[in-house]
Each structure stands twice: as structure tokens, then as C-alpha cells.
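> I'd like to ask you about the structure that follows.
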Amino acid sequence: MLGLLRRKGRRRLGKTKRDQKRRDKKGRILRNGESQRKDGRYAFVYTDCYGKQKFLYSWKLEPTDSLPTGCRPCLALREKEKNIQRDLHDGIVPYGGNLTVLDLVQKYIGQKKGVRHNTQANYDFVINIIKKEEFGTRRIDKIKLSDAKALLSCKQMEEDTVPFTVCVEL
């Protein structure tokens, strides 16, 4: 009988501890991966598609929160979480990852199946040009539209014809 009472007491203690939720300084319940730092900033921890742990930070937890004085306007943490989770679910690498211009071009051309011999030769020609340029080794999230246009105009000046074309939607 005494053992049964002890087990009930333990179970009751464990249940109350398990029912406690993590809360921020304003008393709101924090979700999995969310935390609040000592300076008041919110952090979210997630694992990217490469298995590395990444962090997101924001001064606001919800979009309706007010910013502390002296802080730049930013998205709320839960909005950032939603964007990252959507990108991870869709298989998109957040912030470009370590993807270079050459990797992106090879990935795009690798999806083209059943092309004619001449088309494949032109694809290989473009890849060889990008391999020779410093532009091909740059990370895709650091490239601007003006950088790509500068590369094309530079190549056009070297030769009278454009070596390859880039379709850009504005």
C-alpha cells in the first residue's frame, strides 16, 4: 500500500512539471524552438536541409508587438518561422545556402532531358564560360541583377555577339 502511494505522488509531481509551459517576459507561451534572450530579443532554432543548426532572431514575437526604442523595423519571429518552414517543406534552400552560380546553372541544365545534340553542346558551352569566370564561383544569394547584366555586357564587348542569353523576369 505504501508503494502505491509513493508511485501516485511521483506521478503527480511529474505531471505538474510536464504541464508547465515556457513563457516569455510578457507571459506568452513559447512554441518549440522559440526562446527569449536576456536582452529581450526572441530566437528560433531550426535545422536546415543540410542538417546544420540555424538561428533566427527578431525583436518581435508577433506582428502586433511594438519594437523597443532604437531598434530597426523587422519581421516578427513567427512570420520568419512560417517562411522558413514553408521553404524547408518545399525543398527550397533558405538564403541560398552555399549554392554558387555554377551550381545553379548545372542544376537547371540537369533538369533538361531529351534535348537535341546542338542544344546540349550550347549548354556545355555556357557551363564552360561560367567555370572560367569568377562570377561562377560567387554565392547565388549575393548576386544582384546588375552583376549578371555587367557580365553579359562585358562578354558582349569582348566579342561582337552575345555568347549566351539570360532570361530575366522583372
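The values are calculated or read from the model by the stated rules, or taken from the named source; none is laboratory data. Since the model is a prediction, treat every value here as computed from it, not as a measurement. Cβ atoms come from the backbone with ideal geometry, glycine included; neighbour counts cover every protein chain shown.
> Take the residues in segment 33-78 that are of a type in the set (Asp, Glu) and surrounded by fewer than 15 Cβ atoms within 10 Å (Cβ to Cβ), then tell me which one is nearest to Ile92 (Cα to Cα).
Within segment 33-78, the subset of a type in the set (Asp, Glu) is 34, 39, 48, 62, 65.
Narrowing further to those that are surrounded by fewer than 15 Cβ atoms within 10 Å (Cβ to Cβ): 39, 62.
Working: Asp39: 32, Glu62: 24 Å.
It comes out as Glu62.
So that you can scan it fast, the table gives a plain yes or no per residue for (1) at pLDDT 80 or above; (2) surrounded by fewer than 10 Cβ atoms within 10 Å (Cβ to Cβ); (3) over 22 Å from Ile92 (Cα atoms); (4) out of contact with any helix residue (DSSP H, G or I) (no Cβ under 7 Å at 6 or more places or on another chain):
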| site | (1), (2), (3), (4) |
| --- | --- |
| Gly110 | yes, yes, no, yes |
| Val115 | yes, no, yes, yes |
| Thr119 | yes, no, yes, yes |
| Lys131 | yes, no, yes, no |
| Ser146 | yes, yes, yes, yes |
| Lys149 | yes, no, yes, yes |
| Phe164 | no, no, yes, no |
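> Taking Leu104, is it under 25 Å from the mean Cα position of the chain (by Cα), in a loop (DSSP other than H, G, I, E, B) and modelled with pLDDT of 80 or more?
On the way: under 25 Å from the mean Cα position of the chain (by Cα): yes; in a loop (DSSP other than H, G, I, E, B): no; modelled with pLDDT of 80 or more: yes.
It is false that Leu104 is under 25 Å from the mean Cα position of the chain (by Cα), in a loop (DSSP other than H, G, I, E, B) and modelled with pLDDT of 80 or more.
> What tally of residues in segment 31-50 results from selecting those that are acidic (Asp, Glu) and either out of contact with any Lys or Arg (no Cβ under 9 Å at 6 or more places or on another chain) or farther than 16 Å from Asn83 by Cβ (or both)? Steps first, please.
Kept after step one, since they are acidic (Asp, Glu), are these residues of segment 31-50: 34, 39, 48.
Next, from what is left, pick out any that are either out of contact with any Lys or Arg (no Cβ under 9 Å at 6 or more places or on another chain) or farther than 16 Å from Asn83 by Cβ (or both): 39.
Residues in segment 31-50 being acidic (Asp, Glu) and either out of contact with any Lys or Arg (no Cβ under 9 Å at 6 or more places or on another chain) or farther than 16 Å from Asn83 by Cβ (or both): 1 in total.
> Looking only at segment 45-83, which residues are part of a loop (DSSP other than H, G, I, E, B), among the basic types (Lys, Arg) and either more than 17 Å from Arg28 (Cα to Cα) or within 15 Å of the chain's Cα centre (by Cα) (or both)?
Within segment 45-83, the subset part of a loop (DSSP other than H, G, I, E, B) is 48-52, 59-76.
Those left that are additionally among the basic types (Lys, Arg): 52, 60, 72.
Within segment 45-83, Lys52, Arg72 qualify.
> Moving to a separate point now. Output the qualifying pairs, or none if there are none: Cβ atoms under 9 angstrom, residues six or more apart or on different chains, first residue in segment 73-95 and modelled with pLDDT of 80 or more, second residue of a type in the set (Gly, Ala, Ser) and in a loop (DSSP other than H, G, I, E, B).
Qualifying pairs under 9 Å: Glu81/Gly33.
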